[in-house]
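Computed from the coordinates by the stated procedures, all read-outs in this text should not be read as laboratory data. All values reported here derive from a predicted model rather than from experimental measurement. Cβ: placed from backbone, ideal geometry, glycine included. Neighbour counts: every protein chain shown.
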Amino acid sequence: MTYVGQQPSTTFDSGIQDRFTGLSSNTVTLTHDISAETDILVVWNNIVQDSGTYSVGGTGNKTLTLGGTLVSADVVTVYYTNKVMQSINPTAGSVGIAELNVSDGSNGHALTTNGSGTLSFADVGADADNYFQSGLSSKDLGNGLHVKIADSGGSVNANRGAIVVEGTGDHGMTIVGNNAGQGGLWFANQSATDAGQIDYNHPDDTMRFYTAGGERMRIGDTGKVFIQCTQAPSSSVSGIQLADSNSASKFGGGSGTTNQNLIVFYNGNGEVGKIHTSGSNTTYATSSDYRLKENVNYNWDATTRLKQLKPARFNFKADADTTVDGFLAHEVSSIVPQAVVGTKDATESKTNVVLNPVGDIAAEGITEEEWTQGKADGIYLANSTWHSSKDVPVYQSIDQSKLVPLLIKTIQELEARVKTLEDA
């Protein structure tokens, strides 16, 4: 029989009682006369019996017959009062801590069972409400909620441990919503509920990033990235669009038509170049202020150097049907060094690389298994190749605009020679 409350004691501080042990039948003789079954309380092996499960009779109703079979190990205690203890059938929702007669201890205690129907409040440890695990020992990362699928052996920043999701291999966290809604991660403070946001908008499949309550970047459904705008830059929209595979990257200054810099380049010496627009054109400028220069010399021989250049016509291997005019970079490097980047026949060693069909690096740091799966997933071309170690070329490049000063100086020298002949 189950019971409500704590396990009954075997003795009481008050009240007349009979105690029977070593029984061989279900009938015992009471010490005192009673008028009916309701005058006694029968406890069999510490279980309070309902008065309907036993009967009394004989002289003075002293013969008690129990509704069951007793063995010698059983203990039957009879209390001669219905005031010491009574069973109840509580109404729904009426049983609280006082009725259960168990202490709730302190915050964090949980209502538990011992497996035999006994309810009690127990201290289940500090991890009970901030740790979820699958067959593992205890919370060991972060200072808040720790969801642990497997022990990674890793660690977390002490200031970023409120929620830790831990596992090995591929795992993570998913925010699920319907096709018409948004899923997001919001950052709040005492001044704003939307100080920062990362939202995924399901209707148009865009990922949106917010700071200070305003949208700052968006990734479109085809892979376009919009920075400081939510659509392509134009004559009325300022911002940056990084292209997908079907369109160009765009940089826009909005509706203004005054001079402005769209991109400025810096290194350790400061500003070294810019892309500048005016009302009608674009200038690709490199630093050239006189205040940055010294040892300025206007008298040097340009013609001799120009005659060493070897303009050629050729096609690129990747575009066999197009013939162009130009130079071979290494043939220019000794004449106008600042026009060429790189060294002739340079290579570098790479590990775990994927090469496209023409031998260029498509990806690096990729295991063979990842490459095989990537081909199946369409990430890498079917005719790409994987190499655990590969010496790959580092190609030279040329900025032909750096030849302009040499050309102009040569023209000036030629003009001077022509004038001398004309004046002779």
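Restricting region 295-327 to residues that are among the aliphatic types (A, V, I, L, M) and surrounded by 14 or more Cβ atoms within 10 Å (Cβ to Cβ), the residue that is farthest from Val392 (Cα to Cα) is Ala302.
With respect to being in a strand (DSSP E or B), within 16 Å of Thr282 (Cβ to Cβ) and not hydrophobic (A, V, I, L, M, F, W, C), Gly256 falls outside the description. Residue count for region 398-424 under the criterion of being surrounded by fewer than 10 Cβ atoms within 10 Å (Cβ to Cβ) and of a type in the set (S, T, N, Q): the result is 1.
Within region 162-215, being acidic (Asp, Glu) and touching a Gly at 6+ places or on another chain (Cβ under 6 Å) holds for Asp194, Asp199. Filter region 361-386 down to residues that are closer than 30 Å to Lys344 by Cβ and surrounded by fewer than 16 Cβ atoms within 10 Å (Cβ to Cβ), then give me how many there are. Matching residues across region 361-386 total 6. Among residues of region 213-253 being touching a Leu at 6+ places or on another chain (Cβ under 9 Å) and part of a loop (DSSP other than H, G, I, E, B), the one that is surrounded by the most Cβ atoms within 10 Å (Cβ to Cβ) is Lys224.
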